[in-house]
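The numbers here are math on the coordinates, done by the rules we state, and not lab data. Being a predicted model, the structure only gives us computed values, none of them experimental. Because the Cβ atoms are built from the backbone with ideal geometry, glycine has one as well, and the counts that use them run over all protein chains shown.
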Amino acid sequence: MTTLLRIDSSASGENSKSRQLANEFVTKWLAKNPDGKVVARDVTANPLPHFTGETLGALFTPEESRSAEQKAIVAIGDELIAELEAADVVIVSAPMYNFGIPSTLKSYFDYIARAGRTFKYTETGPVGLVNKDAYIFSASGSFSAGEPFDHQVPHIQTFLGFIGLNVKETFIAGGQAMGAPGEEAFNEAKAQIAVAV
């Protein structure tokens, strides 16, 4: 069975344009993979704790020396990484909030970035260990993709690539606060999805 892991991060729920693009992809993916399984993780509906000194302390404490509290902290990342490793395809949907990604998505990234598990350091630099295809679905109020202040899409692409995910395509719906131009961009992204799947 082929498994698709979808990570959603918009606080707008079903009104989210990035989430709607992801829905479009999933519908078409299931049509091509009728026996496929979709695992959904909504990091806004179920937010993860932000990284703290306690989080880092737990991760850097040898397993046999961890307290019960530290074991519980490490278990959060263990579950997320196992879920990621079990997937065949990964999709990420995200809005732009204040030029970047939602803090809930950043927390997710912080938990799944683990040396020796999702990436490793080598003499020539870090190497990603998660060898899977990925797709990104993004939306923003203005047309910001590729602008110097776009810290949304490049952040996601860089992080996914860092842990070894191969970003096949990025679907962008800009201008969502600008009326007709935004609607046109959204429809264009949907048309691109129809061809890509």
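Per-structure values
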{"read-out": "Alpha-carbon centroids, segment 83-97 and segment 180-194: separation in whole Å", "value": "21"}
{"read-out": "Cβ-based net charge around ILE81, under 13 Å, with every Lys or Arg adding one and every Asp or Glu removing one", "value": "-1"}
{"read-out": "The chain: relative contact order as a whole-number percent, Cα under 8 Å and 6+ apart", "value": "24"}
{"read-out": "Label-zone membership for segment 121-158, site LYS190, 7 angstrom Cα→C-beta point, backbone N under 17 Å", "value": "137-140"}
{"read-out": "Phi-based couplings in Hz for segment 171-180 (Karplus 6.51, -1.76, 1.60; Gly and Pro marked x)", "value": "9, 10, 10, x, x, 6, 9, 10, x, 4"}
{"read-out": "Cα gyration tensor category, rounded, prolate or oblate, for segment 43-85 with a/c compared to 1.5", "value": "oblate"}
{"read-out": "Label zone at PHE60 (point 7 Å along Cα-to-Cβ), backbone N below 17 Å, segment 118-151", "value": "121"}
{"read-out": "Residue-averaged [θ]222 nm for the chain, counting only DSSP H segments that reach four residues, each worth -39500 (n - 2.57)", "value": "-13000 deg cm²/dmol"}
{"read-out": "Built amide H within the under 5 Å cut-off of ASP133, gap 5+", "value": "VAL90, ASN166"}
{"read-out": "Mean separation of Cα contacts under 8 Å (6+ apart) over length of segment 117-180, as relative contact order %", "value": "45"}
{"read-out": "Radius, Kirkwood style, for segment 103-197 when every pair of distinct Cα atoms is counted (Å)", "value": "14.8"}
{"read-out": "Helix 153-162 vs. the chain, principal-axis angle (Cα, 0 to 90°, nearest 10)", "value": "40"}
{"read-out": "Degrees, to the nearest 10: 103-112 long Cα axis against longest axis of the chain", "value": "50"}
{"read-out": "Net lengthening on full extension, ALA180/THR3 (0.36 nm per residue, minus Cα-Cα)", "value": "60.1 nm"}
{"read-out": "Dipole magnitude of segment 65-118 about its Cα centre (Cβ charges: Lys, Arg +1; Asp, Glu -1), debye to nearest 20", "value": "220"}
{"read-out": "Gained length - VAL38 relative to ALA68, 0.36 nm times residue gap less alpha-carbon distance", "value": "7.6 nm"}
